[in-house]
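Visitor: Take this structure, written in structure tokens, and hold onto it; I'll ask about it next.
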Amino acid sequence: GHNMQNFQIVVVDNPDVLTTLGELETSFTPEFIQWNARELSFSEDELRKKKTGMLASQFPPSWFTPEAQAGKIDPEQLKGRLSGILAHAPILMLILFDPKRGGMNPGGEPNDIMSLGFMLENAWLMAHAQGIGVRIVSAFAREPVESEVKKMLGIPASLKIAVGCCLGYPAANAGDANRVHRDVEDFTFFNRYTNDA
């Protein structure tokens with residue numbers, strides 16, 4: 001928005017710092033678990049038909065019990081450490097922004113997230129062109145993780161962490177078989193929006 005370039009990037013490649021960050025505890029909400037189960041596919045055939053989402057087998061089985069789907073999952077099963085995400089990533093990139101500098105669109109809504117999305121897409125495309133994999137980690141933007149990370153890395157309190165990205169060279173064919181995309185004709189319309197489905 002208005003060329004504000006409202007982002008800062010903190011790159012962490014020190015193994016000791018990554019290990020310390022990995023000790024931070026994060027958690028999911030029961031609502032996330034319920035939403036997640038509705039959006040996932042439970043077979044590769046289902047995933048290929050839907051053309052969006054991920055396989056349920058990539059998540060803990062406890063998330064798919066009747067109790068979890070009723071929002072009554074044991075709080076201990078919602079907890080985890082960031083080490084599970086950071087374990088094999090040699091680089092963590094944190095994307096920061098200043099919520100007071102983002103600019104507004106004509107309707108008065110902030111432009112921050114859209115601008116950050118453009119910047120992150122450019123970084124992702126460049127990483128991909130170099131054979132580097134990117135994994136988005138939204139846990140860094142949530143409390144209490146965000147405050148702890150800011151303290152550990154000296155990030156000013158006035159800045160927000162938009163997202164974290166793990167960077168590294170992926171294992172051969174890691175996840176390729178389960179990577180699905182919609183066909184262009186599934187989301188593109190000409191001259192007017194139509195939906196025959």
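The values are calculated or read from the model by the stated rules, or taken from the named source; none is laboratory data. Here the structure is a predicted model, which is why all the values come from computation and not from measurement. Heads up, the Cβs are rebuilt from the backbone with ideal geometry, glycines too, and the neighbour counts pull from every protein chain shown. Calculation scope for accessible area: heavy atoms of the full protein, side chains included, ligands and nucleic acids excluded. Shrake-Rupley method; radii C 1.70, N 1.55, O 1.52, S 1.80 Å.
Visitor: Taking θ as phi - 60°, what are the ³J(HN,Hα) couplings along region 90-105 by the Karplus curve (6.51, -1.76, 1.60), each to the nearest whole Hz, with x for Gly and Pro?
Guide: x, 9, 10, 10, 9, 9, 10, 8, 9, x, 8, 10, x, x, 10, 7
Visitor: I would also like to ask the following. Rg (Å, one decimal) plus Dmax (Å, integer) for the alpha carbons of region 1-152?
Guide: 18.0, 49
Visitor: Same structure, new question: Relative contact order for the chain: what is it in percent, counting Cα pairs under 8 Å that are at least 6 residues apart?
Guide: Relative contact order, the chain: 28 percent.
Visitor: Now, a different point. Per residue, how much accessible surface does the chain expose to a 1.4 Å probe? Answer in Å², no decimals.
Guide: 67 Å²
Visitor: Pairs of lysine in the chain with Cα under 18 Å and at least 8 positions apart or on different chains: total?
Guide: 4
Visitor: Rank-order 77-85, 65-73 by packing density, defined as the average count of other C-beta atoms within 10 Å over each peptide's residues, highest first.
Guide: In descending order of packing, they fall as 77-85, 65-73.
Visitor: OK, next. Spelling out what I want: for every residue of region 106-117, take phi, set θ = phi - 60°, compute 6.51 cos²θ - 1.76 cosθ + 1.60 (Karplus), and round to whole Hz; glycine and proline get x.
Guide: Once rounded to whole Hz, the list reads x, x, x, 7, x, 8, 3, 5, 5, 5, 5, x.
Visitor: Ignoring any ligand, DNA or RNA, what whole percent of the accessible area of the chain comes from carbon and sulfur when the probe is 1.4 angstrom?
Guide: 56 percent
Visitor: Another question about this same structure. Would region 93-197 count as rounded, prolate or oblate if I go by the C-alpha gyration tensor, calling it rounded below 1.5 in a/c and otherwise prolate when a/b exceeds b/c, oblate otherwise?
Guide: Oblate is the answer for region 93-197, as a/c is 1.5 or above yet b/c matches or exceeds a/b.
Visitor: I've got another one for you. For the chain, what is the mean residue ellipticity at 222 nm derived from helices alone (per DSSP H run of n ≥ 4: -39500 (n - 2.57); sum divided by total residues; nearest 500 deg cm²/dmol)?
Guide: -8500 deg cm²/dmol
Visitor: Does region 9-96 classify as rounded, prolate or oblate by the C-alpha gyration tensor (a ≥ b ≥ c root eigenvalues; a/c under 1.5 gives rounded; else a/b over b/c gives prolate, otherwise oblate)?
Guide: It is oblate, given that a/c is not under 1.5 and a/b is not larger than b/c.
Visitor: Which whole-number percent gives the relative contact order of region 124-187, counting Cα pairs below 8 Å spaced six or more residues apart?
Guide: Contact order relative to length: 37 percent.
Visitor: Moving on. Determine ³J(HN,Hα), in whole Hz, for all residues of region 50-66 in sequence, where each value follows from phi through the Karplus function 6.51 cos²θ - 1.76 cosθ + 1.60 and θ = phi - 60°; x replaces Gly and Pro.
Guide: 5, 6, 9, x, 9, 7, 4, 5, 7, 10, x, x, 4, 6, 10, 6, x
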